[in-house]
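**Student:** The structure's right below; bear with me while I get my questions together.
Here, each number is a calculation from the coordinates, and none is a lab measurement. Bear in mind that the values here come from a model prediction, so they are computed numbers and not experimental data. A quick note on method: Cβ atoms are made from the backbone with ideal geometry, for glycine too, and the neighbour counts reach across all protein chains shown.
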Amino acid sequence: MTLEPGPAALAALAARTLLASRAKGFMPDDEAAALRGAAASAAPGVWLEIGTYCGKSTVHLGAVAAGQGSHLVTLDHHHGSEENQPGWQWHDQSLIDPRTGRLDTLPSLRRTLADAGLEDTVSVLVATTQQVAPWWTTPLTLLFLDGSHTEEVAQHDYAAFARHILPGGVLAVHDVFPDPRDGGQPPWHVVQRALGHGTFTQVGEHGSLRLLRRNAVTGFV
Ligand code: MG
């Protein structure tokens, strides 16, 4: 028997989607819709988002997670990526903590999650991916890679966390630009790595978002 969401669940999803589309962040609405679609196809379980920023895609994913009983962990050090720092293209002066002089996206995230009513659905993990990688053991039914886009960290994040995706689970990668004139290459290199070893199969592509599914293979490269 398939359980269809009731009117209240659909209204909650719509309200959270609208809130997410208005939140600070860097994901266009059409890519967000594709991400929600991929999440809806993922089995209930633990989902992990790498790269939270102010919570825009966190609410998109959390809206789906809340509707199907999944739990979303979102991991970020909350001091911004390279391109968010002062003098860079994607800097937002309003996110500077006046006491430390550093970027701090955590207060903005907390407000967004409270507004969305997702505090029970989302666990916020404030750390670098290098801190979490050695102890993370939880199997995942969805992983969204949207953290640092340096080659070193993008490759690290893939190697450290994609291995925990269960067969049939979803791997979503953001900011994938095969043409270097459109953007940085590390996320594209990660997708090539995932596909090249047969560990994943691509199932969707929307703007710079790539959607892959874990094959039922043993071992991980
Ligand atoms: Mg991104």
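**Student:** Given the C-alpha centroids of segment 118-156 and segment 1-55, what is the distance between them in whole angstrom?
**Tutor:** What the calculation gives is 18 Å, centre to centre.
**Student:** In units of 2.2 N^0.38 Å, what is the alpha-carbon radius of gyration of segment 97-217? Before the final figure, lay out each step's value.
**Tutor:** On the way: Rg = 15.9 Å, N = 121, 2.2 N^0.38 = 13.6 Å.
In units of the globular-protein estimate, segment 97-217 measures up at 1.17.
**Student:** Note down the nm distance, to one decimal, between modelled labels 7 Å out along Cα→Cβ at ALA159 and at GLN85.
**Tutor:** My value for the distance between the label points is 2.3 nm.
**Student:** With runs of 4+ DSSP H residues as the only contributors, calculate the mean residue ellipticity of the chain at 222 nm using -39,500 (n - 2.57) per run, divided by the residue total and rounded to the nearest 500.
**Tutor:** Numbers: 7 runs with 79 residues, N = 221.
That calculation yields -11000 deg cm²/dmol at 222 nm.
**Student:** Moving on to the next point. How large is the translational diffusion coefficient of the chain in µm² per second when you combine the Kirkwood radius over alpha carbon pairs with Stokes-Einstein at 37 °C and 0.692 mPa s? Write down the numbers at each step before the final one.
**Tutor:** Details: Rh = 17.6 Å.
So the translational diffusion coefficient is about 186 µm²/s.
**Student:** When the convex hull of the C-alpha atoms of segment 1-130 is computed, what volume per residue in Å³ does it have?
**Tutor:** Numbers: hull volume 14.6 nm³, N = 130.
Hull volume normalised by residue count: 112 Å³.
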